[in-house]
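S.K.: Below is one structure. I have some questions about it.
Read the figures in this text as sums done on the coordinates, not as results from a lab. This structure is a prediction, so every number in the text was calculated from the model and none was measured. Glycine also receives a Cβ, built like all others from the backbone with ideal geometry; neighbour counts cover every protein chain displayed.
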Amino acid sequence: MTRTHTLPLALVALGACTLNVQPVDHRVSARTTDDVRGLSSDLRALALDDVEVLIGPTADDPTASVHITGLLAFDRSIDDLVSGMVIAFDASDPDATSLRYTAAALEAETVHVDALELALGEGTALDLTTTRGSIELTGLHAPARLHATSGSIDVEDATEVDLRATSGSIRVIATQGTLQCDSGSIDMEMTGPVMARATSGSIRGTFDGGGTLSADSGSLDLVLLGPLDRDLVLEADSGSIDLVVPDDLAARVEANADSGGVDVHVGATDAGDGHSFVGDLNGGGTFVIRATTSSGSIRISSRRAD
């Protein structure tokens, strides 16, 4: 375990008295040379559920560290404070390596963990759950399952993802996957198919292949990058749907807006301003685009293929 700390002194006035304290800015770290192909940890069970989780950049030897801050009485030793703190990798199963963390010495202190920082090898799969706190992942180029009950999720350069933010937004750059945001918006750059749902918020971004995307209270603003390899289902209970597709896309379209207009402008097709449209784009195709909204408009327009 590697320990570094900075201990400047400070005087804090408390009413009529002055208390000598020292600010704490300290990291407790662990490194392993074991083969780690996947990291799977429930941070709630480790009492690390109220911290910012930062993952990346990559490293040859996996490293984990907790960052603690706060105020410590001047007559207390920093070594005493962290003597009960342990963070370590349990790599008995390389595909599901877990973290061990204890912090008994912090219970009586005005010191808390601000962040959990992970540096892992490129391609390391992740399965992390936290109750409170955001998760930021960069550059692993691996599958990632990240669930945050209260906090946002920000992912760059992942492959297949399963992301759920109960109260917070999702921003993701990945190949394909499943996205669910119960209270917040989804911004995505996906190069493959996607299943996405925003209960209270909008969904914006790019994807390919097809999938199912729905917003219970919000809009869909989407760009389909290429041809369909499955059906595409778009649903907005209270919001509009705006879909941009390649100019040469061949597909069946079934669109209906209970309270709003439907405009389809792709290829030679012009549906006008009705409330529904059923027809073919560029002669039709194997797969169907189904778009429905209860309160809002639907627009399907085209861009020229590169």
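S.K.: Would you order F89, F207, F287 from fewest to most other beta-carbon atoms within 10 Å of each residue's own beta-carbon?
M.R.: F287, F89, F207
S.K.: Spin-label point model (7 Å from Cα, Cβ direction): what's the D50 to S301 distance in nm?
M.R.: Modelled inter-label distance: 4.8 nm.
S.K.: Out of D61, D263, D75, any idea which swings most in a Gaussian network model of the chain, alpha carbons joined below 10 Å?
M.R.: Ranking D61, D263, D75 by mean-square fluctuation puts D75 first.
S.K.: Let me ask you something else. Would you compute, from DSSP H runs of 4+ residues alone, the mean residue ellipticity of the chain at 222 nm, taking -39500 (n - 2.57) per run and dividing by the full residue count, rounded to the nearest 500?
M.R.: -500 deg cm²/dmol
S.K.: Rounding to the nearest 20 debye, state how big the charge dipole of the range 169-306 is about its Cα centre with +1 on each Lys and Arg Cβ and -1 on each Asp and Glu Cβ.
M.R.: It works out to roughly 180 debye.
S.K.: Another question about this same structure. Could you check how many percent of all C-alpha pairs in the range 68-108 are farther apart than 13 Å?
M.R.: 61
S.K.: Ok, one more. Given R₀ = 41 Å, FRET efficiency for S40-H265 by Cβ-Cβ distance, to 0.05?
M.R.: 0.30
S.K.: Which residue fluctuates the most in the chain, going by a Gaussian network model with Cα springs under 10 Å, if the choices are S29, S167, S77?
M.R.: Per the Cα network of the chain with a 10 Å cutoff, S77 tops the list.
S.K.: Per residue of the range 193-209, what does 6.51 cos²θ - 1.76 cosθ + 1.60 with θ = phi - 60° give for ³J(HN,Hα)? Whole Hz please, x for Gly and Pro, Karplus curve as stated.
M.R.: These are the phi-based 3J(HN,Hα) values: x, 8, 10, 9, 9, 10, 6, 9, x, 9, 10, 10, x, 10, 7, 9, x Hz.
S.K.: Name the residues whose placed amide hydrogens come within less than 5 Å of the amide hydrogen of D50, ignoring near sequence neighbours (fewer than 5 apart) on the same chain.
M.R.: Here the answer is R132, since their amide H atoms fall under 5 Å of that of D50.
S.K.: Got a sec? Charge dipole of the chain, +1 on Cβ for Lys and Arg, -1 for Asp and Glu; which of L140, Q22, T130 is way out at the positive end?
M.R.: The residue sitting farthest along the positive end of the dipole is Q22.
S.K.: Hey, another quick one. Enumerate the calculated ³J(HN,Hα) couplings along the range 213-218 in order (Karplus 6.51 cos²θ - 1.76 cosθ + 1.60, θ = phi - 60°), each rounded to whole Hz, writing x wherever the residue is Gly or Pro.
M.R.: Rounded to whole hertz, the list is 9, 9, 10, 5, 9, x.
S.K.: Taking the Cα centre of the chain as origin and charging only Cβ (+1 Lys, Arg; -1 Asp, Glu), how large is the dipole, in debye to the nearest 20?
M.R.: It comes to approximately 320 debye.
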